[in-house]
1. Report which residues of the stretch B:246-283 become buried by 20 Å² or more of accessible surface when going from the isolated chain to the complete set of protein chains (1.4 Å probe; DNA, RNA and ligands ignored).
2. Put a dot 7 Å past each Cα toward the Cβ at B:ASP180 and B:ASN23; how far apart are the dots in nm?
3. Given the -39500 (n - 2.57) contribution per DSSP H run of 4+ residues, what per-residue ellipticity at 222 nm results for chain B, rounded to the nearest 500 deg cm²/dmol?
4. Which loop GluC sites (Glu not before Pro) in the stretch B:173-252, with loop taken from DSSP, have no more than 13 other Cβ atoms within 10 angstrom of their Cβ?
5. Counting protein heavy atoms only and a 1.4 angstrom probe, how many square angstrom of accessible surface do chains B and A bury in total, to the nearest 100?
6. So the label point sits 7 Å from Cα along the Cα-to-Cβ vector; using that for B:ASP83, what distances do you get to the other copies, in nanometres, sorted shortest first?
7. Could you work out the mean count of beta carbons from other protein chains within 10 Å of each residue's beta carbon in B:50-57?
8. Given the alpha-carbon gyration tensor of chain B, what are the semi-axes of its equivalent ellipsoid in whole angstrom, ordered largest first, with each equal to the square root of 5 times an eigenvalue?
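The values are calculated or read from the model by the stated rules, or taken from the named source; none is laboratory data. Please read all numbers here as calculations on a predicted model, not as lab measurements. Cβ sites come from the backbone with ideal geometry, for glycine too, and all protein chains shown count toward neighbours. Ligands, DNA and RNA are stripped out before the accessible areas are found, and what is left, the full protein with its side chains, is counted by its heavy atoms. Shrake-Rupley method; radii C 1.70, N 1.55, O 1.52, S 1.80 Å.
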Number of protein chains: 2
Amino acid sequence: MTSIKDIAKKAGVSISTVSYALNGSERIMKETAERILAIADELGYVPHGAARRLKKRESMLVGIYLTNYGGHFYGSLLQGVKDELNRRGYDLIVCSGMRSHRLIPERTFDGTIVLDSEFTDEELLDYAERGHKLVVLDRELAHPHINQVLLDNKAGASLAMEHLLEQGYERIYVVGGPEDAYDARQRLRAVRQVMDRSPGTEFRMIPGSFQKKSGYAAGKTIADEYDRPSGVFCLNDEMAIGLYEYLEEHTSLQVGEHVHLIGFDNIEPGRYMRPKLATIDYSLTKWGAVAAEQLLKLIDGEPLEPERVYVRLVEGGSVRPLPDKKQEQPN
Amino acid sequence: MTSIKDIAKKAGVSISTVSYALNGSERIMKETAERILAIADELGYVPHGAARRLKKRESMLVGIYLTNYGGHFYGSLLQGVKDELNRRGYDLIVCSGMRSHRLIPERTFDGTIVLDSEFTDEELLDYAERGHKLVVLDRELAHPHINQVLLDNKAGASLAMEHLLEQGYERIYVVGGPEDAYDARQRLRAVRQVMDRSPGTEFRMIPGSFQKKSGYAAGKTIADEYDRPSGVFCLNDEMAIGLYEYLEEHTSLQVGEHVHLIGFDNIEPGRYMRPKLATIDYSLTKWGAVAAEQLLKLIDGEPLEPERVYVRLVEGGSVRPLPDKKQEQPN
DNA sequence: AATCGTATTCGAAACGTTTCGATAAAACGC
DNA sequence: GCGTTTTATCGAAACGTTTCGAATACGATT
């Protein structure tokens, strides 16, 4: 491979001169610089990343960790992060899995975004303690090197519950999420608050894991004890889709008719469901962009202002008013 | 940050001894090694990635480039690649966008998998010429440092077309893909072959871009000239879903009744469409695993056997026989 | 006691950059 | 034509590792 030395030899100058020329320093004469650039080009020179990173102690690389690559979740989030980073000269690197955690303490990135429950809080605090800059999207963590950009889970869950309540069902099911997941806990807390102030309605909790199959299982539970139209709030869309699938495959219950279903996340497949899945939407792209922005501030040592990402209700045919209630309360 | 030097000082040995100890060399005494390891641990030592890569001239990192992070396409592919790589001690790094192409000639990875039309053939050949090892998933490229793992696009497209033909429609639309995309060209070639040997049927080509919106536009074309039940083969599912959406939103034409739709890729949202989207399936996970395996062989300098990934038809309610034809040809 | 072999440790060079401080050469003021 | 400043280039050290060849120590062999 051609290195800076080869260029120096061919141009008859020292390697430091080449380095300055390559980096566009003012110190060296314009003509010399041009000659060097030309030779570098001719030789197809590209600097050795590791060497440069070792010396400069920065990589212009940002890592992002996700629990898994699957799901419909991540595409636009990543896009948001990447666009913002590129604008500032950084590149994004996507990682998944415990194995690759090592890249962080090995100082591969200048900073890291985490949306990955495989990290423990301790682990992240340890990296921060070593000086690594982090933005976390799935937990709250107090450390000068960590910032968080959190979704307004509580507002979203309240929105969803209230939407169901407005339709007038007598029973509402809530399909939960993993107990250790921050967003699940937040959503659930809001759910409980809404429950507490709505005494007339019967609420039932069904455990869930945020995965499609747990929604599927919840579908069975609900179908088995079905006796009248009910509302169902799945703490994410993935489970709502699983639930829909169960009803479709094994029962004659209609979503939007017998079972009124709302999810959370507004993932794409929900939009193709028929009837369309009601859900809570937030801009993943924006979430990503804000996360990137915060991380760059952290890297530059700028003061950080914690950020929050807002949510909104998206109605869909999967939740419809009870016909009789509609008559009773025409507004 | 704590380096090997700090350990050496604390342990009262030379840095080379520390290095050997850390790497588990036989050369050094067991007790010394243990003492060094303990100190390293106590100091929270993690080797500096860039330094190590510079010296060792290998990174144990594999890059994969995708055109974009979105779509439903990539999740299981990435999973397949990652699992296979991890098994062999490598880590996977996902990249997207021109900007990050630089990571390849900068020698960040030991090898790279490409499924990204933003690379030109020349660019890839240039990297190969520099000694970089590549596996390409979206083109054919002859070079000793490049291997390809190709999908059997032709077989898939034939399967799709024949499935439509068997149902007995008099007209079949084909929604195309980008002209410069290898897979689109392959699929189209097979389509043409099937057309040529099926003279009784009327075929119409509609241009497409592999993106949802072009399917949507094709939906309009088809609806505008609708006069009898027709088959439609969209060269990928994404477009098929767009087409479905158009019909749903703007017409009373029913998929599986008036318009008989088949796609290609078996992406997840197609499975939630109602009626379910008929499509061509292949194991993305396996495709990824094979690609990873081939790349590792390339890195190890093992002889490579070109690989191919097979496809199968997945039937769905979006394609149904014509009722009268069914009577005519009961088998 | 001199030699050898083996086991353990060490010193130094190297990987490919960047960058500080020095040097040499040219331009300036007087 | 002498000091002084400016401009362009260079040498060398450093970043944190790995690894080759050498050095040391020590017991065993003669």
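1. B:GLU248, B:GLU268, B:PRO269, B:TYR272, B:ARG274
2. Calculated label separation equals 4.4 nm.
3. -13000 deg cm²/dmol
4. Listed in order of number, the matching sites are B:GLU179, B:GLU225.
5. Working: alone 17070 and 17080 Å², together 29430 Å².
Approximately 4700 Å², summed over both chains.
6. Result, one decimal in nm: 3.4.
7. 6
8. 53, 19, 17
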